[in-house]
Amino acid sequence: MALDNDVRNLARNPTLAALEPDALRQLAASAETRILRKGEILFRRDEPSDGGYVIVSGTIALETSDHGGNVRLVRPPALIGDMALIAKTRRPVTATATEQTAVLKISRALFHRILEESPASAERLKRALSDRLVQFLSELDGLTQVGDGSAKEA
């Protein structure tokens, strides 16, 4: 029963929803569940990252500086550290639970193994990430045009 809940939670995330059902099930079966108390730090800014976290319940505050800089609250089904699933990176933020929070930790090694064992999932994920990148670049282009005064009126 808990495995089915974990699969459903992973499938709610837009990035992970690209994976095939069997790959999601394998990911859910191998992911590590962590329960954080209010105020507990999941990771700190500039730490090396070794994977991502899917928020199952609760809320995580992402802070861009150690002195209470910009704070963004994220809730289920957010995936924190999606780039860390693919490549070695450093954490760009500090992540702190603002209430009791459950997360599923997906290590980079596990994620790579799942993609190697499920080429169809890897291809679907590649398409989904490509679509997200194109959308991001389009939005960025729109902001650039507004910022330089060249935005077109409708």
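Quick one: how many residues across the stretch 95-113 are open to solvent by less than 20 Å² (accessible area, probe 1.4 Å) and not hydroxyl-bearing (Ser, Thr, Tyr)?
The number of residues fulfilling the criteria is 8.
Just one of THR89, THR96, THR101 is of a type in the set (Ser, Thr, Tyr), more than 23 Å from ALA23 (Cα to Cα), in contact (Cβ under 8 Å) with a residue 24 or more places away in the chain and in contact with a helix residue (DSSP H, G or I) (Cβ under 7 Å, 6 or more places away or on another chain); which is it?
Only one candidate qualifies: THR89.
Consider only pairs whose beta carbons are under 9 Å apart and that are at least six residues apart or on different chains; among these, list those whose first residue lies in the stretch 122-141 and is on the phi < 0 side of the Ramachandran plot and whose second residue is open to solvent by 90 Å² or more (accessible area, probe 1.4 Å).
Pairs found: ALA122/GLU116; ALA128/PRO14; ARG132/PRO14.
Anything in the stretch 1-18 that is among the small types (Gly, Ala, Ser) and either in a loop (DSSP other than H, G, I, E, B) or closer than 24 Å to ASP131 by Cβ (or both)? List them, or say none.
Correct list: ALA11, ALA17, ALA18.
Considering only the stretch 37-61, how many residues are open to solvent by less than 20 Å² (accessible area, probe 1.4 Å) and within 9 Å of THR96 (Cα to Cα)?
So the count comes out to 5.
The values are calculated or read from the model by the stated rules, or taken from the named source; none is laboratory data. Since the structure is predicted, the reported quantities are computational estimates derived from the model, not experimental observations. Every residue, glycine as well, gets a Cβ built from its backbone with ideal geometry; the counts of neighbours run over all protein chains shown. Ligands, DNA and RNA are stripped out before the accessible areas are found, and what is left, the full protein with its side chains, is counted by its heavy atoms. Shrake-Rupley method; radii C 1.70, N 1.55, O 1.52, S 1.80 Å.
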